[in-house]
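Chemist: The structure under discussion is supplied below as structure tokens; questions concerning it will follow.
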Amino acid sequence: MGALEGLWLGLTVALSPVNLAYCFLGVVLGTAVGVLPGLGPAAAIALLLPATYAMPPTAAIIMLAGIYYGAMYGGSTTSILMNVPGEAASVVTCIDGYQMARQGRAGAALGMSAFASFIAGTFGVLGLMLIGPPLARFALRFGPPEYFALTVVGLTLVSYLGGTSMLKGLSMAALGLLVGSVGIDPISGYQRFTYGLLTLSEGISFVPVAMGLFGVGEVLASAGEPAKREILKTRLSGLLPTRDDWARAGGPLARGSLLGFLIGTLPGGGAIIASFASYAVEKRVSRHPEKFGTGAIEGVAGPEAANNSAATGAFVPLFTLGLPSNAATAMIFAALLLHGLRPGPLLFTESPALIWGVIASMYIGNVMLLVLNLPLIGLFVQMLRVPYPILAPLIILFCLVGAYSVNNSLVDVWILIGFGILGYFIRRLHFDAAPLILALILGPIMENSLRQSLMASRGDFSVFFARPISAALLVLACVLVLLPALRWAVALWARQVAGGIRPVVP
Amino acid sequence: MKTWDRLSGAVLLLVAVAWGYESSRLPLGQPSLPGPGFQPSWAAGVLGLLALALILEATLRRSESAEAQRPRWAGEGKALAMMGCLIAYALALNAAGYLLATGGVLAAFLLLERQRWPVVVGVALVSALASYWLFAVWLQVPLPRGLLGW
């Protein structure tokens, strides 16, 4: 099926009243999640996963995808008006967005942010639509060695790009692999680490783990933060950027859209890195880099474009290879599994209505978001007046009841609490939760492909290096792991050498 | 952060050793036919190596300023109290039933957030009842009824 044919099919699916309603619900929830600091899209999708059981699969995925890209629109509002990022991908927007608001240009900053998000979001969907089908066809040639190599690269990249320390990221990924090994072994049927608990036979469910790490963990970690946050009192009129604004923002917008999409397609890339990368690029190419940080509209347009196209780009590996690249798409991967769908290249041929329906809904969702974020921005700003001390217990409530309702089991509540406490320490000790949740989801794929490869090659490990794609991917993973170790060793050596040479005092 | 990184490395090392030991009790199989203990064993081994590297890296790291040595601990007392409330909730859920246990844990969280009594009672009561209606009545989730039957 060609891209245009697919889009036509998708529009007939996405424009049905039910799917339109769920798309609207998704983008509204996404904007709300983006606006509210302390609740990210991954946590919101995890919270809503149990509620999607009763929904048709297409509607469920349309809604969850809407939450993810909708959060990118909402995140900038809080950054611009409060200097607090509503969503991690909007951290960079604080720098120039808040300065613009202080100079009385909050309307222009919010308007530019919404337009940049819309343009880049639409660009991202176009990219997904054009790249997705050929990549999925290509991925059909992949066998177990390629899938094993892809999961290895995915986890390595998430650890490399995600947090402050690669060692900490990789440790979380290894821990996630171990947690993912709980339950019945899919090949031999052997019970692993279940200790007689029937609920654990099917493995540790990712819903309570994700809710714990991203929902409960976030609430616990926010316990010491100030409850009252100041909203800048400023005019929200003049949401349409001026001609001069457009002239200055055009380049950053185009570069941000392209860069964001490319970074978004990488495992571990995601919207956060895309927005930082775009800001760095814009500052470097600008003729007036000194204006960055003082309210430059380029510093709003570039990162806001980048985080939106990255959010859409993240659907490329999910839909074509069946590999989620960040925590939020991992939750959508989980939703596909919960609805009995097998994420991967066959989705395009087995469930074309679902895939194209979701892609088409993204075009519609972006239009809805532009409308929601321009005239209705004041309404979302009002949400910021809901005090966090009231919001936090409600997040906990949804986590508790959501975790219980997965299997109607108290064991899942214990898992939620356990991972919530772990999530607290992960934040406090500067670890990163994303590699853990990705490894939990990718673990079974990695194990199956590893064991199938070894069985097919009769125990010959060279099978992974005999095929060009898996060999290239594994070499990339090795380089990624060795680079920081090499850099660290060189720095240590240089320090020792420098310590041995005493400066000559004249 | 040096001390905390060494401590987290030690905890991860303990987890790796324990998990590795448990995995070694599962059939490992052979390279041509890997058994159920194969993946957990090597994953535990990798975690152990990474934990050792974390300890080593923190030990050899250049000494930090007093500010950098402290992790961003803030409100740890409140966070610990919240953890206690959650554990108590899980322990009491089956006996007390969903409504009582959930209302209780919400009230405890709101009290920890220093809310006024009318807000505590109002929010806890309305949220517990609304979520009960949403999940038990509308979505037909069999929530625990407790010894009192609700």
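The values are calculated or read from the model by the stated rules, or taken from the named source; none is laboratory data. Just so you know, these numbers come straight off a predicted model, no measurement behind them. Glycine gets a Cβ as well: all are built from the backbone with ideal geometry, and neighbour counts include every protein chain shown. Protein only, heavy atoms only, side chains kept; ligands, DNA and RNA dropped before computing areas. Shrake-Rupley method; radii C 1.70, N 1.55, O 1.52, S 1.80 Å.
Chemist: Mind checking which residues of the stretch A:421-438 are of a type outside the set (S, T, Y) and at the interface with chain B (Cβ under 9 Å from one of its Cβ atoms)?
Modeler: Residues satisfying the conditions are A:I421, A:F425, A:R427, A:R428, A:L429, A:H430, A:F431.
Chemist: With the requirement that a residue be in contact with a Ser or Thr (Cβ under 8 Å, 6 or more places away or on another chain) and open to solvent by 10 Å² or more (accessible area, probe 1.4 Å), what does the stretch A:21-48 give you?
Modeler: Hits for the stretch A:21-48 are A:L36, A:P37, A:G38.
Chemist: While we're on this one: Taking the options A:G30, A:G6, A:G26, name whichever one is touching a helix residue (DSSP H, G or I) at 6+ places or on another chain (Cβ under 8 Å), assigned to a helix (DSSP H, G or I) and farther than 19 Å from A:I355 by Cβ.
Modeler: A:G30
Chemist: Across the stretch B:50-71, which residue is nearest to B:T3 (Cα to Cα) among those that are at the interface with chain A (Cβ under 9 Å from one of its Cβ atoms) and at pLDDT 90 or above?
Modeler: Filtering first and then ranking leaves B:L54.
Chemist: Here are some residues: B:Y132, B:Y89. Which one is over 21 Å from the mean Cα position of the chain (by Cα) and at the interface with another protein chain (Cβ under 9 Å from one of its Cβ atoms)?
Modeler: Residue meeting the stated conditions: B:Y132.
Chemist: While we're looking at this one, here's another question. In the stretch A:481-504, is there at least one residue being basic (K, R), within 9 Å of chain B (Cβ to nearest Cβ) and part of a helix (DSSP H, G or I)?
Modeler: yes
Chemist: Facing chain A (nearest Cβ under 9 Å), open to solvent by less than 30 Å² (accessible area, probe 1.4 Å) and more than 25 Å from A:S222 (Cβ to Cβ) - does that describe any residue in the stretch B:93-105?
Modeler: Yes, the stretch B:93-105 contains a residue that is facing chain A (nearest Cβ under 9 Å), open to solvent by less than 30 Å² (accessible area, probe 1.4 Å) and more than 25 Å from A:S222 (Cβ to Cβ).
Chemist: Within the stretch A:99-135, which residues are surrounded by fewer than 20 Cβ atoms within 10 Å (Cβ to Cβ) and either outside any helix (DSSP H, G or I) or touching a Lys or Arg at 6+ places or on another chain (Cβ under 9 Å) (or both)?
Modeler: A:Q103, A:G104
Chemist: Write out, first by first residue and then by second, each pair whose Cβ atoms fall under 6 Å of each other, whose residues are 6+ apart or on separate chains, and whose first residue, in the stretch A:408-420, is at the interface with chain B (Cβ under 8 Å from one of its Cβ atoms) while the second is in a loop (DSSP other than H, G, I, E, B).
Modeler: A:N408/B:P142
Chemist: Taking interchain pairs and intrachain pairs at least six residues apart, which have beta carbon atoms under 8 angstrom, with the first residue in the stretch A:335-359 and at positive phi and the second outside any loop (DSSP other than H, G, I, E, B) and surrounded by fewer than 23 Cβ atoms within 10 Å (Cβ to Cβ)?
Modeler: Between residues of the stretch A:335-359 that are at positive phi and residues that are outside any loop (DSSP other than H, G, I, E, B) and surrounded by fewer than 23 Cβ atoms within 10 Å (Cβ to Cβ), the close pairs are A:G340/A:P57; A:G344/A:A139.
Chemist: Shifting gears a bit: Out of all the residues in the stretch A:65-84, is one or more of a type outside the set (V, I, T) and surrounded by fewer than 24 Cβ atoms within 10 Å (Cβ to Cβ)?
Modeler: Yes: the stretch A:65-84 contains one or more residues that are of a type outside the set (V, I, T) and surrounded by fewer than 24 Cβ atoms within 10 Å (Cβ to Cβ).
Chemist: Right, another one. Counting only residues that are assigned to a loop (DSSP other than H, G, I, E, B) and more than 7 Å from chain A (Cβ to nearest Cβ), which one in the stretch B:28-43 is modelled with the lowest pLDDT?
Modeler: For the stretch B:28-43, the residue satisfying everything is B:L28.
Chemist: Looking at the stretch A:145-171, which of the residues that are more than 9 Å from every other protein chain (Cβ to nearest Cβ) and either under 23 Å from A:A403 (Cβ atoms) or among the polar types (S, T, N, Q) (or both) is surrounded by the fewest Cβ atoms within 10 Å (Cβ to Cβ)?
Modeler: That would be A:T164.
Chemist: Taking the residues in the stretch A:380-402 that are surrounded by fewer than 18 Cβ atoms within 10 Å (Cβ to Cβ) and not in a helix (DSSP H, G or I) as candidates, determine which candidate is farthest from the other protein chains (Cβ to nearest Cβ).
Modeler: A:R385
Chemist: Of the residues A:A89, A:A114, A:A60, which single one is touching a His at 6+ places or on another chain (Cβ under 7 Å) and closer than 22 Å to A:G40 by Cβ?
Modeler: When all the criteria are applied, what remains is A:A60.
Chemist: Same structure, new question: Restricting to the stretch B:1-18, name every residue that is open to solvent by 80 Å² or more (accessible area, probe 1.4 Å), at pLDDT below 90 and of a type in the set (A, V, I, L, M, F, W, C).
Modeler: B:W4
Chemist: Now for a different question. Any residue at all in the stretch A:416-428 that is open to solvent by less than 50 Å² (accessible area, probe 1.4 Å), within 21 Å of the chain's Cα centre (by Cα) and among the β-branched types (V, I, T)?
Modeler: Within the stretch A:416-428 (the criterion being open to solvent by less than 50 Å² (accessible area, probe 1.4 Å), within 21 Å of the chain's Cα centre (by Cα) and among the β-branched types (V, I, T)), the answer is yes, since at least one residue qualifies.
Chemist: Looking only at residues in the stretch A:445-458 that are in contact with a helix residue (DSSP H, G or I) (Cβ under 6 Å, 6 or more places away or on another chain) and either open to solvent by 50 Å² or more (accessible area, probe 1.4 Å) or at pLDDT below 90 (or both), which one is farthest from the other protein chains (Cβ to nearest Cβ)?
Modeler: Across the stretch A:445-458, the extreme among qualifying residues is A:I445.
Chemist: Which residues, counting only those in the stretch A:403-415, are outside any helix (DSSP H, G or I) and either surrounded by fewer than 18 Cβ atoms within 10 Å (Cβ to Cβ) or under 24 Å from the mean Cα position of the chain (by Cα) (or both)?
Modeler: Within the stretch A:403-415, A:N408 is the sole residue that qualifies.
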